[in-house]
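Enquirer: The structure that follows is given in the form of C-alpha cells.
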Amino acid sequence: MGIKTISLINSNQSTFKKALIYKVHVEFSKEILEIINYEITIGIKSKPIKGEANKEIIKKIAKHFRISTTCVQIKSGHKSSEKIIEISQ
C-alpha cells in the first residue's frame, strides 16, 4: 500500500494524478478511526445493508482527510470487512 501515480490520457495530453492506497479494516458497533502507515482501522455504526456501511466509511475517511467524498473510492472488498481504498486529489 502507498502512493501510486496514475496516467490519464485526455485529448492528446497525458496528465498524472497521485493517489494514496490504503488497506482498511472495518469494525462494527465502534467509533474509531486509526491510521498506522497505510492501514486504517475504522469503526462504523451502519449495518452492511444496501451499501450503507460503505457510504459511512467513505464519509468518515473523507472527513478525516478534509476532502470531498468523491475523492475516496473503494477499489476492492465492497462486501468484506477488509477493503482497499484509493484517495485521489
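Enquirer: Hey, rough spin-label estimate for His78 and Lys45, points 7 angstrom out along Cα→Cβ, what's it come to in nanometres?
Expert: Each label point is offset 7 Å from its Cα along the Cβ direction, giving 2.7 nm.
Enquirer: Excluding residues on the same chain fewer than 8 positions from Lys47, give the lysines whose Cα lies under 24 Å from its Cα.
Expert: Filter leaves Lys23, Lys30, Lys55, Lys59, Lys60, Lys63, Lys75, Lys79, Lys83.
Values in this text are rule-based calculations from the coordinates and carry no lab data. These numbers come from a predicted model, not from an experiment. Don't worry about glycine lacking a Cβ; one is built from the backbone with ideal geometry, like all the others, and counts go over all protein chains shown.
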